[in-house]
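The values are calculated or read from the model by the stated rules, or taken from the named source; none is laboratory data. Values in this document were obtained by computation on a predicted structure and should not be read as measured data. Note that each Cβ is placed from the backbone with ideal geometry, even for glycine, and that neighbours are counted across all protein chains shown.
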There are 2 protein chains.
Amino acid sequence: MNDGDKGAGPSARSKRADARRNQETLLDAAASVFVASGVEAPVRDIAAKAGVGVGTIYRHFPTRADLIIAVYRHQVEACAEAGPALLASSATPHAALGQWINLFVDFLVTKHGLAAVLRSDNTSFDTLHSYFIDRLLPVCTQLLDAAAGAGEIRPGLKAYELMRGVGNLCIGAEHDPGYDARRLVALLVEGLRQPR
Amino acid sequence: MNDGDKGAGPSARSKRADARRNQETLLDAAASVFVASGVEAPVRDIAAKAGVGVGTIYRHFPTRADLIIAVYRHQVEACAEAGPALLASSATPHAALGQWINLFVDFLVTKHGLAAVLRSDNTSFDTLHSYFIDRLLPVCTQLLDAAAGAGEIRPGLKAYELMRGVGNLCIGAEHDPGYDARRLVALLVEGLRQPR
DNA sequence: TTGTCAAGCGGAACAACGTTCCGTATCTTT
DNA sequence: AAAGATACGGAACGTTGTTCCGCTTGACAA
């Protein structure tokens, strides 16, 4: 889990030099297109931006999901690592949970269309969904358990449900000035609180 | 606004007999396919089920959104009308709001893919979104204002945000046994409550 | 330096979708 | 019964994701 083998195949070692260069170029182009047109931008647009053929994309990233994972891996990693840190530095577990969820929401809301694609019923995005779950669910579980253990929240809500709910609330937030996903999420987290 | 001119053109009077018959057949076929395959089922499937060509669908329903609206109009109407009734019959406005939202959630969750399509960035679904907003937002506003007036909920949340949030929470609920949209929505409504 | 060849590349080609178009069939009216 | 308006079917178009294959090119041995 240190280097890279999930989304992009061997990323540093081995293989031809031009291939490695192209992979780099593709990641940059994809990141740039994702910002400009959202995560659901046509593959052809990314290929054009990178100056390569579509075949090259599929050589490096067997599916769109793998490309998206590769582009955002660092940020997801950072989010995952922030969990334990917040738990250590915050006043209460519930506060840590709230702050961590804010991180998660900020991440989703600033990546146009990512939350939506996470919930797409297109099966080719299953691996994207799985990646998020695999990486972030344990972190969320830890925070949730801590808060539950401290008696701050009502028990019984699974971390999976919370994450799905939060992710859902972020869908489309970037296109709609009249909708503040952060506020809704805050309300949800508030509703989680133990009446006392 | 009494009869029908929004989604389906003139629905009862005028025009040829076979056209009227086809429109009926189409609504039945669409309803049936929506149940079986979800709201995003291919237009060709609906045409096949109805035994007509795709052109016929577009003659009657200029866009997919219009077809969806026509299929669900009755239920949306019922939901809208339930608002004031609940307000009159419930113990408190907040209770009425909660029950009304439950109705809305039940409606969305049982229509495969409807919540998702409501949030699709495909512009051809804008009119579907608008229809829901036009018809249900005033009802939600009334309930929300009543609850706010009674001091039961913290003020400042727009009805639009609430509806969007609830709609979002319902996305994908039908495919995922591990996710209970109703529970999340209940948590959200709970979070809305005035702290004291 | 040059020859060889697997690795990699570009983009044509395919399938699935929403939507449009128009020649043909059918209903309605006179 | 004939004429005209109306509606129908489905081929055709544009846009997607994805696959495939002939050609190019980098790497390495001689």
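Values as computed for the structure displayed
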item	result
Scan of the range A:71-87 for residues that are under 14 Å from residue A:39 (Cβ atoms) and buried (at least 20 other Cβ atoms within 10 Å of the Cβ), ordered by number	A:71, A:72
The listed residue being facing another protein chain (nearest Cβ under 7 Å) and assigned to a helix (DSSP H, G or I), out of A:191, A:167, A:178	A:191
Odd one out for residue A:41 among (1) within 14 Å of chain B (Cβ to nearest Cβ); (2) away from DNA strand D (no atom under 13 Å from the Cβ)	(2)
Some residue of the range A:141-157 being within 14 Å of chain B (Cβ to nearest Cβ), without any contact (Cβ under 8 Å) to a residue 60 or more places away in the chain, within 16 Å of DNA strand C (Cβ to nearest atom) and more than 17 Å from the chain's Cα centre (by Cα)	no
Candidate set: the range A:46-69, residues that are within 13 Å of DNA strand C (Cβ to nearest atom) and among the charged types (D, E, K, R); chosen: the one farthest from residue A:20 (Cα to Cα)	A:49
Residue ID - farthest from the chain's Cα centre (by Cα), chosen from residues in the range B:99-111 that are of a type outside the set (A, V, I, L, M, F, W, C) and surrounded by fewer than 21 Cβ atoms within 10 Å (Cβ to Cβ)	B:99
Selection from the range A:45-68 of residues that are farther than 20 Å from residue A:116 by Cβ and either surrounded by fewer than 15 Cβ atoms within 10 Å (Cβ to Cβ) or more than 9 Å from DNA strand D (Cβ to nearest atom) (or both)	A:48, A:49, A:50, A:51, A:52, A:53, A:54, A:55, A:60
Matching option when the condition is in contact with a helix residue (DSSP H, G or I) (Cβ under 8 Å, 6 or more places away or on another chain) and in contact (Cβ under 8 Å) with a residue 24 or more places away in the chain, among B:119, B:73	B:119
Among (1) in contact with a Leu (Cβ under 9 Å, 6 or more places away or on another chain); (2) assigned to a helix (DSSP H, G or I); (3) within 16 Å of DNA strand C (Cβ to nearest atom) - the single one residue A:100 does not satisfy	(3)
Checking residue B:118 against (1) surrounded by fewer than 23 Cβ atoms within 10 Å (Cβ to Cβ); (2) at pLDDT below 95; (3) not aromatic (Phe, Trp, Tyr), the condition it does not meet	(1)
